[in-house]
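> My structure is below; once you've seen it, I'll send some questions.
The values are calculated or read from the model by the stated rules, or taken from the named source; none is laboratory data. Keep in mind that this is a model prediction, so the values were computed, not measured. Don't worry about glycine lacking a Cβ; one is built from the backbone with ideal geometry, like all the others, and counts go over all protein chains shown. Areas reflect the complete protein model, heavy atoms only, side chains present, ligands, DNA and RNA absent. Shrake-Rupley method; radii C 1.70, N 1.55, O 1.52, S 1.80 Å.
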Amino acid sequence: PIAEATRELILGLTEVPIAVVSSSGRAELEPVLEKAGLLHRFETLVCFEDVTRLKPHPDPYLEGARRLGVSTPLVVEASDAGVAAGEAAGFTVLRLDHPDHLSAALQLHLREAGMAIDLSSRLLTLE
């Protein structure tokens, strides 16, 4: 199950391209995201079938960035292998102590960077 605060955050970030990068298979991941009503919100999913080397190698995050058309994505991770993969790709990594803490951790990270998420207007803004 996906925490409601996380679900609301993902649904609210309509102006930000987002992807899921997972070592799970697409057949395992898509039903979870569909059941949570989130599958449509991701521009792409990078699963184990999409890369030759999985996390902690940078390949999954490099592929995700390529598909999103971005050069400096923010990687949000709760696993050691994922953090290592994001760092090996050269990206900024926001480490979560638990996946349910995504909303609070991301909002704190953005505030520290001088940005904010306004979910009522669905915008990421500079403060």
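> How high is the FRET efficiency between GLU8 and ARG53 when r is their beta carbon distance and R₀ equals 35 Å, given to the nearest 0.05? List each step's numbers first, then the result.
Values: r = 34 Å, r/R0 = 0.97.
Plugging the Cβ-Cβ distance into 1/(1 + (r/R0)^6) gives 0.55.
> If you don't mind, another one. Would you mind working out the accessible area per residue for the chain, using a 1.4 Å probe, and quoting it in Å²? Walk me through the intermediate numbers first.
Values: 7220 Å² over 127 residues.
Computed with neighbouring chains in place, this is 57 Å² per residue.
> For ARG66 and ASP100, what does the FRET efficiency come to when R0 = 25 Å and r is the distance between their Cβ atoms, rounded to the nearest 0.05?
On the way: r = 29 Å, r/R0 = 1.17.
After rounding to 0.05, the efficiency reads 0.30.
> Could you please state how large a percent of the accessible area of the chain is carbon and sulfur, counting protein chains only and using a 1.4 Å probe? Mind dumping the intermediate values first?
Numbers: 3930 of 7220 Å².
Roughly 54 percent of what the probe reaches on the chain is carbon or sulfur.
> Where Rh is the Kirkwood radius over the Cα pairs of the chain, the temperature 20 °C and the viscosity 1.002 mPa s, what D in µm²/s does Stokes-Einstein return? Mind dumping the intermediate values first?
Values: Rh = 15.0 Å.
Result for D is 143 µm²/s.
> If you don't mind, another one. Could the peptides 58-66, 84-92, 106-114 be put in order, highest first, of the mean number of other beta-carbon atoms found within 10 Å of their residues?
Details: 58-66: 20.6, 84-92: 18.3, 106-114: 13.2.
The most tightly packed comes first, giving 58-66, 84-92, 106-114.
> Still on this structure: Taking the convex hull of the alpha carbon atoms in segment 66-121, what volume per residue do you get, in Å³? Before the final figure, lay out the partial values.
Numbers: hull volume 6.2 nm³, N = 56.
That works out to 110 Å³ per residue.
> Hey, another quick one. Per the helix-only calculation at 222 nm, which mean residue ellipticity applies to the chain, given -39500 (n - 2.57) for every DSSP H run of n ≥ 4 and division by its residues, nearest 500 deg cm²/dmol?
Values: 5 runs with 49 residues, N = 127.
It lands at -11000 deg cm²/dmol.
> Rounded, prolate or oblate: pick one for segment 12-58, where a ≥ b ≥ c are the square roots of the eigenvalues of its C-alpha gyration tensor, a/c under 1.5 means rounded, and failing that, prolate if a/b is larger than b/c, else oblate.
Values: a/c = 2.97, a/b = 1.47, b/c = 2.02.
Since a/c reaches 1.5 but b/c is at least a/b, the shape of segment 12-58 is classed as oblate.
> VAL75: net charge of surrounding residues, Cβ under 12 Å, Lys/Arg +1, Asp/Glu -1, itself excluded?
Details: positive: LYS55, ARG95; negative: GLU77, GLU87.
Computed value for this residue: 0.
> How large is the dipole of segment 1-119 about the Cα centre if only Lys and Arg carry +1 and Asp and Glu carry -1, each at its Cβ, rounded to the nearest 20 debye? The partial results should precede the final answer.
On the way: 10 positive and 18 negative charges, 33 e Å.
Value, rounded to 20: 160 debye.
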